[in-house]
2 protein chains.
Amino acid sequence: MRQYDHPAPETLAMTEVLRALSDPLRLAIVRRLDREGAQTCAALIGERPKSSMSHHFQVLRDAGVIHTRIEGVTHYNTVRRDVLDTRFPGLMDAILIARAD
Amino acid sequence: MRQYDHPAPETLAMTEVLRALSDPLRLAIVRRLDREGAQTCAALIGERPKSSMSHHFQVLRDAGVIHTRIEGVTHYNTVRRDVLDTRFPGLMDAILIARAD
DNA sequence: GATATTGTTCGATTGGTTTCGAACAATATG
DNA sequence: CATATTGTTCGAAACCAATCGAACAATATC
């Protein structure tokens, strides 16, 4: 059961995190993961075909915003709050709390 | 002495602000404006030709991140902290305070 | 082992962004 | 009014990002 490589906390770049979150669909994904906890990729499909969703999850993963745990055939995604909060204090709070898009 | 149109506070979009700040050069510009106060475009040239800098200032202005005041022939740029802090509380603090890039 | 499920990878298209030099506009100064 | 200064606009090139269908890989189930 192979797992993904996630970037180490120290290597997260502010600009990459911001870029990953600057897409409306990705921001919506992260907001939902934050509210509802771990979600599979499939649970969030509906807006786009799965190849598109897979792409966006990968962008978020590469930027260090989400963590993906593989269990069998399903991928559970979570926001890396601990890592993000340590490296960029207050950032995710500000982004996730905001009601404006 | 014509002035720019700046987007109204209510119309700022989180994703546009994040996108504007997701470029390393633009983030550096905003950090410097925040630390040193109003700066002309020219004061920040050095990394890129002025046409490139003009482009980045425009992206920041369109996203609502900076305000540009024209005085004679020079353009003074400032971060719209009041507007940004009202609409996205804590966001600029988190982005500007962070030491990581 | 055949089949279904979950998600990735590939390849192509489209559209947007960055970059920069050159020409331009507007104000200021000699 | 000629000239310098500040910054914009234009046009073209290069690059990057989003999108999606189709094929694929890996696990699970019958």
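The values are calculated or read from the model by the stated rules, or taken from the named source; none is laboratory data. For clarity, every value in this text was computed on a predicted model and none was experimentally measured. With ideal geometry, Cβ positions are generated from the backbone for all residues, glycine too; neighbour counts draw on all protein chains shown.
So, in the range A:51-98, of the ones that are of a type in the set (Asp, Glu), out of contact with any helix residue (DSSP H, G or I) (no Cβ under 7 Å at 6 or more places or on another chain) and closer than 18 Å to A:Leu18 by Cβ, which residue ends up farthest from the other protein chains (Cβ to nearest Cβ)?
Out of the qualifying residues, it is A:Asp62.
I'd like to check something: does the range B:78-101 contain any residue that is within 10 Å of DNA strand C (Cβ to nearest atom) and at pLDDT 95 or above?
Applying the first criterion (within 10 Å of DNA strand C (Cβ to nearest atom)) to the range B:78-101 yields none.
No, the range B:78-101 contains no residue that is within 10 Å of DNA strand C (Cβ to nearest atom) and at pLDDT 95 or above.
Out of (1) touching a residue at least 60 places away in the same chain (Cβ under 8 Å); (2) of a type in the set (Asp, Glu); (3) surrounded by 15 or more Cβ atoms within 10 Å (Cβ to Cβ), what's the single condition that is false for B:Glu71?
All conditions pass for B:Glu71, except number (3).
Taking the range B:1-45, which residues are within 15 Å of DNA strand D (Cβ to nearest atom) and either among the hydroxyl-bearing types (Ser, Thr, Tyr) or touching a Pro at 6+ places or on another chain (Cβ under 7 Å) (or both)?
Of everything in the range B:1-45, those that are within 15 Å of DNA strand D (Cβ to nearest atom) and either among the hydroxyl-bearing types (Ser, Thr, Tyr) or touching a Pro at 6+ places or on another chain (Cβ under 7 Å) (or both) turn out to be B:Tyr4, B:Thr15, B:Ser22, B:Thr40.
Looking only at residues in the range B:74-92 that are within 10 Å of DNA strand D (Cβ to nearest atom) and surrounded by fewer than 20 Cβ atoms within 10 Å (Cβ to Cβ), which one is nearest to A:Ile97 (Cα to Cα)? It would help to see each step written out before you state the result.
Initially, the range B:74-92 is screened for residues within 10 Å of DNA strand D (Cβ to nearest atom), giving B:74-77.
Remaining after also requiring surrounded by fewer than 20 Cβ atoms within 10 Å (Cβ to Cβ): B:74-76.
Values: B:Thr74: 38, B:His75: 34, B:Tyr76: 32 Å.
Among them, the one singled out is B:Tyr76.
What number of residues in the range B:71-101 are of a type outside the set (A, V, I, L, M) and not in a strand (DSSP E or B)?
Number satisfying all stated conditions: 13.
Would you mind stating whether A:Glu10 is within 24 Å of B:Asp101 (Cα to Cα) and surrounded by fewer than 17 Cβ atoms within 10 Å (Cβ to Cβ)?
Working: within 24 Å of B:Asp101 (Cα to Cα): yes; surrounded by fewer than 17 Cβ atoms within 10 Å (Cβ to Cβ): yes.
Spelling it out, A:Glu10 is indeed within 24 Å of B:Asp101 (Cα to Cα) and surrounded by fewer than 17 Cβ atoms within 10 Å (Cβ to Cβ).
List pairs: first in the range A:4-23 and small (Gly, Ala, Ser), second surrounded by fewer than 16 Cβ atoms within 10 Å (Cβ to Cβ) and at pLDDT below 95, Cβ under 8 Å, 6+ apart or cross-chain?
From the range A:4-23, the pairs are A:Ala13/B:Ala100; A:Ala13/B:Asp101.
When the range A:26-48 is examined, which residues are found to be within 17 Å of A:Val59 (Cα to Cα), small (Gly, Ala, Ser) and modelled with pLDDT of 80 or more?
Hit for the range A:26-48 is A:Ala28, nothing else.
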